[in-house]
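See structure below.
The values are calculated or read from the model by the stated rules, or taken from the named source; none is laboratory data. Worth saying up front: this structure is predicted, and the values here are computed from it rather than measured. Quick reminder, even Gly has a Cβ in these numbers, built from the backbone with ideal geometry, and neighbours come from all protein chains shown. Keep in mind that these areas ignore ligands, DNA and RNA; they rest on the heavy atoms of the full protein, side chains included. Shrake-Rupley method; radii C 1.70, N 1.55, O 1.52, S 1.80 Å.
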Amino acid sequence: MSEDEGIRLQKALAQAGVASRRNAELLIEQGRVEVDGAVVTEFGTRVDPAVSVIRVDGERIPPTSAHVYLVLNKPRGVVTTMSDPQGRSCIADFVQDRTERLFHIGRLDTDTEGLLLLTNHGEFAHRLAHPSYEVSKTYVAEVEGNVKPGTLRRLLDGVQLEDGPAQADTVKEISSIRGRTLIQITLHEGRNRIVRRMFDEIGHPVKRLTRTAVGPVRRGNLHTGDLRELDPKELGQLLDLVDL
């Protein structure tokens, strides 16, 4: 990049909200900043924030852009569509005050609550939903019965469904009481109702299902029905996961 192209690295860091320009210079001087995989220690370095991959202490700094990246804690009973001809509650009801043309990434069935990502960035959405990038999803399932350890291991070993095998990445029992078991399960597949079908296959139907995480994005204290923007760390990690 020539001297007249792009902006100074410390300005790009300041615009991204990482630090003031003066503190950004200290980060550069200390060798804590990378641009496109190379450590930068010169203050005059120019970058294009829209395309340069910038990291501070190894963490990706997302570029400033016109795109928006949102997290919704979808309530149970809400249809995962932006409109519904039957008049049922849908995702559009929770983003009525947004001016952007948003669409959801992936789906949660109507009876499933929890994290759903929304954006106006088409390529980001396409990659995040594509199985080749293997972005993990974590759920907490309340299932019927007391589940034996050997039965849980079947989910890790893989079960055969009508549309092919399915396998969990991790499975952990949280609690068990009065014929109900809470189980945390993580997998990177996104087939329709896959978690419910996997538990059906091992004989413990799901009574209630909540998605608590998508990749590095956690529900935390986001209340049901609330919406928030991805924070820069979450967005940076997701951009890395989908090679953007």
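In whole percents, the pair-distance distribution calculated for segment 185-244 from its alpha-carbon pairs, binned every 10 Å from zero, is 17, 39, 32, 12, 0.
Across segment 1-107, the relative contact order, built from alpha-carbon pairs under 8 Å that are at least six residues apart, equals 19 percent. Shape class of segment 98-142 from the Cα gyration tensor (axes a ≥ b ≥ c, square roots of the eigenvalues): oblate, since a/c reaches 1.5 or more and a/b does not exceed b/c. Residues L9, L156 ordered from highest to lowest accessible area at a 1.4 Å probe: L156, L9.
On a per residue basis, segment 34-180 carries 53 Å² of accessible surface, using protein heavy atoms and a 1.4 Å probe.
In the chain, the DSSP-assigned H stretches of four residues or longer account for a calculated mean residue ellipticity at 222 nm of -6000 deg cm²/dmol, using -39500 (n - 2.57) per stretch and the full residue count as denominator.
Cross-link partners for K233 among the lysines, with Cα-Cα distance under 25 Å and sequence neighbours closer than 8 places in the same chain left out: K11, K74, K137. Among residues other than R197 with Cβ under 13 Å from its Cβ, the summed charge is -3 (Lys and Arg +1, Asp and Glu -1). For segment 229-244 versus segment 21-62, the spacing of their alpha-carbon centroids is 17 Å. The residue among Q15, V35, Q96 whose Cα reaches farthest toward the positive pole of the charge dipole of segment 1-109, with charges on the beta-carbon of Lys, Arg, Asp and Glu, is Q96.
Each Lys or Arg adds one and each Asp or Glu subtracts one; over the other residues with Cβ under 10 Å from the Cβ of G164, this totals -2. Placing +1 on the Cβ of every Lys and Arg and -1 on the Cβ of every Asp and Glu, with no other charges, gives the chain a dipole of roughly 1060 debye about its Cα centre.
As a ratio to 2.2 N^0.38 Å, the alpha-carbon radius of gyration for the chain is 1.20.
With a 1.4 Å probe and all protein chains left in place, how much of the accessible area of segment 113-202 comes from carbon and sulfur atoms, in whole percent? It is 46 percent, rounded to a whole number. Eigen-decomposition of the gyration tensor built on the alpha-carbon atoms of segment 136-214 gives equivalent ellipsoid semi-axes of 18, 14, 11 angstrom, largest listed first. Relative contact order, whole percent, for the chain stands at 20, derived from Cα pairs under 8 Å and 6 or more residues apart. Only Cα sites of segment 7-60 enter the Debye sum here, all with the same form factor; the resulting log10 I(q)/I(0) across q = 0.13, 0.15, 0.16, 0.28 1/Å is -0.22, -0.30, -0.34, -1.23, listed in q order.
For K148, the lysines whose Cα comes closer than 21 Å to its Cα, not counting residues fewer than 8 places off in the same chain, are K172, K207.
Given +1 at the Cβ of Lys and Arg, -1 at the Cβ of Asp and Glu and no other charges, the dipole of segment 136-214 around its Cα centre is 300 debye to the nearest 20.
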